[in-house]
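Report on one structure; see the data block that follows.
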Amino acid sequence: MTKLCAVAALVLGFEMPALTARFARHLVRRVFQRRRIVTRTVLIPLIAAASFASTSRATTFDANNSDLWWVPSESGWGIQFVQQADVIFATMFVYDQARAPIWYTATLANTGEFVYSGELYLTSGAWFGGTFDLATVTKRAVGTMTLNVPYVSQASLTYTVDGASVEKSIVRQTLRFENFSGNYVGALEIVAGRCANPVNNVQAEAFSLITINHSGTSFSASTTAISSGPSCSFTGNYLQDGHMGTVLGSYSCNNGDSGNMQLVEMEVSRGGFTSRLSGSSNNCASVYGRLGGVVRRPEF
């Protein structure tokens, strides 16, 4: 295996099938540009056992903004976003001038990079405990709302209600930690840049079996290449913003490779997990991409 293959085969023990050279032109500058992740700078050495080939891009519009959001120092009000493709439905629960609870809604459409805007409405209708009467439902446009989400877990919210303007810096609200523990069949897609040997500046794909043990802030994972390649282990500290997880840690492989690694934008479901990653290796100063897996032997 060439040195380039070793780079890829090392991170997470991914195997290296056939190699077709492809040089990545946008290197590390774009590492998470879409979500200038508020990172505690961490790196990872990961390219190894990966297959290098042109690939199509997924159709997902953006990172998942669905969550409860709030201002931690202003407990008592908040806003919930539910995102589908490039549209976000917002429900804001606040208080009026008489300090009575009131809520507003908006359907926000994407109007540019990380920005969503739409009209803000106040609605009223039939009492919830009685027979629903559609004829009593009314809605009134009271202003507009704009959400700017350049970071995964931080955003700016501006809105107007009957001439009153409000601007807030909001963050995701965490209710309870997710649990990523499980056995997965994993896939890795990475771009390596600023490598000591320019031939290693590539885009790579790889596959591996992944076992994750996760409890609270403790996170560890081990990988085994499906065909051939090194086995690796990864341990780190788990953090969470809303339902989005982050792991900062280090890894080592049985081929002698080791380094630091960061997983961000982590989401888990019954079917598997997804994440974005960044790092560096002894061979390459910048590596970034995506890592995910589907549950092995799922119980239906």
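For (1) within 18 Å of the chain's Cα centre (by Cα); (2) modelled with pLDDT of 95 or more; (3) acidic (Asp, Glu), each residue gets a yes or a no:
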{"residue": "211", "(1), (2), (3)": "no, yes, no"}
{"residue": "215", "(1), (2), (3)": "no, yes, no"}
{"residue": "223", "(1), (2), (3)": "no, no, no"}
{"residue": "226", "(1), (2), (3)": "no, no, no"}
{"residue": "234", "(1), (2), (3)": "no, no, no"}
{"residue": "239", "(1), (2), (3)": "yes, yes, no"}
{"residue": "250", "(1), (2), (3)": "no, no, no"}
{"residue": "253", "(1), (2), (3)": "no, no, no"}
{"residue": "256", "(1), (2), (3)": "no, no, no"}
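Filtering the range 146-205 to residues that are among the aromatic types (Phe, Trp, Tyr) and touching an Asp or Glu at 6+ places or on another chain (Cβ under 9 Å) leaves only 159.
In the set 246, 224, which member is closer than 30 Å to residue 174 by Cα, in contact with a strand residue (DSSP E or B) (Cβ under 7 Å, 6 or more places away or on another chain) and β-branched (Val, Ile, Thr)?
On inspection, the qualifying residue turns out to be 246.
Counting the residues of the range 97-156 that are on the phi > 0 side of the Ramachandran plot and of a type in the set (Lys, Arg) gives 1. Taking the conditions (1) at pLDDT 95 or above; (2) within 25 Å of residue 86 (Cβ to Cβ) in turn, residue 189 satisfies each one other than (1).
The values are calculated or read from the model by the stated rules, or taken from the named source; none is laboratory data. Computed from a predicted structure; not experimentally measured. In this analysis, Cβ positions are derived from the backbone assuming ideal geometry, glycine residues included, and neighbour counts consider all displayed protein chains.
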